[in-house]
Amino acid sequence: MTPPTLDELRTWPATVDVNRAAMALGISRSQLYALIKRNEAPVRVLDFGAKRVVTASLVQLLEAA
C-alpha cells in the first residue's frame with residue numbers, strides 16, 4: 001500500500017489510529033508503537049486508552065521533509 005499524499009492527509013480526521021499514521025510515515029505499526037513507548041515519536045500522540053496520532057502533526061512533519 002502506498003503512503004497517502006499530503007493533500008490526502010489534509011482530508012483526514014483530527015486524529016487517526018497508529019496503523020494509519022504509520023502508513024503515512026512509511027514505517028510499520030510496530031515501529032511506531034516502539035517509538036511511542038520510548039517517547040521518541042516524531043508526531044503528537046494522544047492516549048485515550050487507545051493511542052491516537054494528531055493528523056496536524058503528521059502534516060507538519062511531512063511538509064518539512
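Please work out which residue is least open to solvent (accessible area, probe 1.4 Å), limiting yourself to segment 18-46 and to residues that are assigned to a helix (DSSP H, G or I) and among the basic types (Lys, Arg).
Looking at residues that are assigned to a helix (DSSP H, G or I) and among the basic types (Lys, Arg), I get Arg20.
With respect to Arg52, determine if the residue is basic (Lys, Arg), part of a helix (DSSP H, G or I) and surrounded by 14 or more Cβ atoms within 10 Å (Cβ to Cβ).
no
The values are calculated or read from the model by the stated rules, or taken from the named source; none is laboratory data. Source: prediction; values computed, not measured. Cβ sites come from the backbone with ideal geometry, for glycine too, and all protein chains shown count toward neighbours. SASA here: full protein model, heavy atoms, side chains in, ligands and nucleic acids out. Shrake-Rupley method; radii C 1.70, N 1.55, O 1.52, S 1.80 Å.
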